Amino acid sequence: MALSQKLDSWYTDFGRTLPWRGIDNPYRIWLSEIILQQTRIEQGRDYYHRFVEAFPDVQALAAASEEQVLRLWQGLGYYSRARNMHAAAQYIVRELGGTFPSTYEGIARLKGVGRYTAAAVASFAFRLPHPVIDGNVYRFISRLYGIATPIATDAAYREFEALLLKHIDRRRPDRFNAALMDFGSLQCKPKPDCTACPFADECVALGTGKVDLLPVRMPKAQVKHRFFYYFHICWKEGDTTCTFMQRRQGHDIWRGLFEFPLLETEGAIPDDGLHARALDFLKQSFGITHAGLTISDEHRHQLTHRTIHARFIAAELPEEPPFHPSNSLRMTCQEIKNTPLPRLIDRYLHSL
Ligand code: SF4
C-alpha cells in the first residue's frame, strides 16, 4: 500500500482533533502555526483560543498595539514570533487590502513565516500540495527510509521535500500533512512502539536496528550564559506601590518587553561582594544612598542558546529616588499587570 494510503487509514483511527484542523480560514491556521512553533500543543491550544477571541480576524490583529499583542503572548517565549505576526497582519491589511495571500510564495513572504509554516498554511487553508516538514516528520521519514542526512539543514529539507512530493496526496494535501505530522508525533515517537506500527514491515530503521540512531542531528550550538541582576525598587505613594521598569530595546532577547532596571555582568558576582555592588549601582543610577536590600536566590531561565542566571534585588525606599535613568519608567503595581513582561519577571512577581 502506498505511503499516503497507509497514513490516511492510520489517521482515520488515531488522528488528533484540534481547533485549527478541518477549517479553511487561513488567518486562524496561520495563527495556530505561529503559536505552535516551539510550543507544545496543549499549551498552544489555550493561547490559540485567547488570540482568536481577542483578534478574530487579521484586521483586528493589525489594529492592536504591539503591547496588547505581547501581553497576550506572555508566557509563550520567543517573543519575536509575536512581533513578526503583528507586523505580518499589518502588512496584509496595508499592502494586500486585508486579503490573506493564497499562494505558497505569497504566504512565505509574510514576516516570521518559514518553509514549514508556509507549507502548513498553503496546504491546510488552500489545499496546495506542499509537504510539511517539522521535527516529527523528519524523525518518521528518516527512519522509514533510513535517511542519515543530518536534519534541519538546507540539504535535508530539499531531500525530504523531494521525497514527500512524490507521495503527497494531491487531492487532499491537507489531510496527508495532518496525518504525517500526527504520525510522527504520536506513533513514531523518540521511543516508539514499533510493534503497533503499520509501517513495521517496510521501515528501514527497524529492519536494520537503527531506530535509536535516526534521525541524525547536527551538533548543538554552545549555550551562552548571561548574568542578570534586576533591581526591584519600591516606594509607597499613598496606598500605591511604585517601581521602575525599562522597556528592552535593540535586537537582544525580549525586545519590546518590560523589565526591572538591570545590571548585566560577564560572570556571577560573588555573594560576599553582591550587596556592595548592588548599593553602588543604586547610587550611580538612582542616587540612592541607603536602602535595605533583599537579594533573591538565583532564578535560572533556559532559552534555546542561552541560560539566564538572574537574581532579583528588592530595595524598599521611604520615597521616590532623587533621580533615575531616562529609560526607566515609573509604574504602579496595577500598571505592571497590563504590561508585557518576560516570563522570568512574571514568575518572580508571582512568587512575591
Ligand atoms: S516501525 Fe518504528 S521506527 Fe519505523 S516508522 Fe514505525 S514507529 Fe517509526
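The values are calculated or read from the model by the stated rules, or taken from the named source; none is laboratory data. Every value quoted in this text rests on a predicted model; they were computed, and no experiment measured them. Glycine gets a Cβ as well: all are built from the backbone with ideal geometry, and neighbour counts include every protein chain shown. The accessibility values were calculated without ligands, DNA or RNA, using every heavy atom of the protein model including side chains. Shrake-Rupley method; radii C 1.70, N 1.55, O 1.52, S 1.80 Å.
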Given Tyr116, Tyr104, Tyr48, Tyr78, which one is within 18 Å of Ala179 (Cα to Cα) and of a type in the set (Ser, Thr, Tyr)? Tyr116
Which of the residues that make up the stretch 94-122 are of a type in the set (Ser, Thr, Tyr) and either in contact (Cβ under 8 Å) with a residue 12 or more places away in the chain or surrounded by 14 or more Cβ atoms within 10 Å (Cβ to Cβ) (or both)? Ser102, Thr103, Tyr104, Tyr116, Thr117
Answer with yes or no whether Arg175 is open to solvent by 20 Å² or more (accessible area, probe 1.4 Å), in a helix (DSSP H, G or I) and touching a residue at least 24 places away in the same chain (Cβ under 8 Å). yes
Any chance you could count how many residues in the stretch 249-277 are among the polar types (S, T, N, Q) and open to solvent by 30 Å² or more (accessible area, probe 1.4 Å)? 1
Taking the condition closer than 17 Å to Ala118 by Cβ, more than 15 Å from the ligand (Cβ to nearest atom) and open to solvent by less than 20 Å² (accessible area, probe 1.4 Å), does Ala156 pass? no
In the set Leu274, Leu282, Leu206, which member is within 16 Å of the ligand (Cβ to nearest atom) and assigned to a helix (DSSP H, G or I)? Leu206
Residues (assigned to a loop (DSSP other than H, G, I, E, B) and out of contact with any Pro (no Cβ under 7 Å at 6 or more places or on another chain)) located in the stretch 209-237: Gly209, Lys210, Leu214, Pro215, Pro219, Lys220, Ala221, Gln222, Val223
Only one residue in Leu262, Leu257 is free of Cβ contacts under 8 Å to residues at least 40 places away in the same chain, in the same structural domain as Phe323 (by TED's automatic domain parsing) and not hydroxyl-bearing (Ser, Thr, Tyr). Which one? Leu262
When the stretch 329-352 is examined, which residues are found to be in contact with a strand residue (DSSP E or B) (Cβ under 9 Å, 6 or more places away or on another chain) and assigned to a helix (DSSP H, G or I)? Cys333, Gln334, Glu335, Ile336, Arg343, Leu344, Ile345, Arg347, Tyr348, Leu349, Ser351
Which of the following residues is more than 33 Å from the chain's Cα centre (by Cα) and at pLDDT below 90: His305, His290? His290
